[in-house]
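Data first, discussion second: the structure below is written as structure tokens.
A short reminder: the numbers here are calculations on the coordinates, not readings from a lab. Note that the structure is a prediction, hence the values are computed from the model and not measured. Cβ coordinates were reconstructed from backbone atoms using ideal geometry, including for glycine residues, and neighbour counts include every protein chain displayed.
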Amino acid sequence: MLAVVPVIEPRVVGPGFNARVYAVVRQVPAGFVTTYGHVAARLGSPRVARHVGFALAALTPEHEPVPWHRVINSQGRVSHHRASDQQRMLEDEGVVFDARGRVDLKRYLHTFAAREQTKPPAKKRAKAPVKKPSKASRR
């Protein structure tokens with residue numbers, strides 16, 4: 001019988017979690033959206049998407065501004081209790097909703113991929129010139 005090996009992930013939810021969520025959400029540019037799952041994955045664990053929602057729901061007016069309205073569910077729908085406000089705010093930024101109230105994630109999704117590059121692209125090295133054999137060495 002095979003033993004079941006549990007998946008071990010570093011503990012993501014803990015002290016400072018909400019502040020880390022807010023820092024990630026602030027990276028989403030106007031006119032784009034991201035999902036709870038993408039924010040969770042950026043934090044190190046795609047399994048804590050629900051906790052990302054809890055952190056955004058805990059925002060109060062005393063917090064530094066966080067563009068919470070740019071985080072939607074994985075189906076492209078707003079899922080906040082203030083859905084009409086959220087949709088209006090996104091539309092004001094140029095995000096288009098279809099007749100079913102969904103955002104085209106292929107067009108508007110911000111995945112943080114560009115920000116993950118930490119190294120500049122490597123420079124191409126010039127090839128060393130190839131020495132042609134002399135006439136004396138060909139004989």
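Quick notes on this one:
- Restricting attention to the range 90-104, the residues that are hydrophobic (A, V, I, L, M, F, W, C), more than 15 Å from Arg26 (Cα to Cα) and surrounded by 14 or more Cβ atoms within 10 Å (Cβ to Cβ) add up to 3.
- In the range 13-47, the qualifying residues are those that are polar (S, T, N, Q) and surrounded by fewer than 17 Cβ atoms within 10 Å (Cβ to Cβ), and the one that is nearest to Gln87 (Cα to Cα) is Gln27.
- Every residue from the range 48-78 that is free of Cβ contacts under 8 Å to residues at least 40 places away in the same chain, within 13 Å of Arg26 (Cβ to Cβ) and exposed (fewer than 13 other Cβ atoms within 10 Å of the Cβ): Pro65
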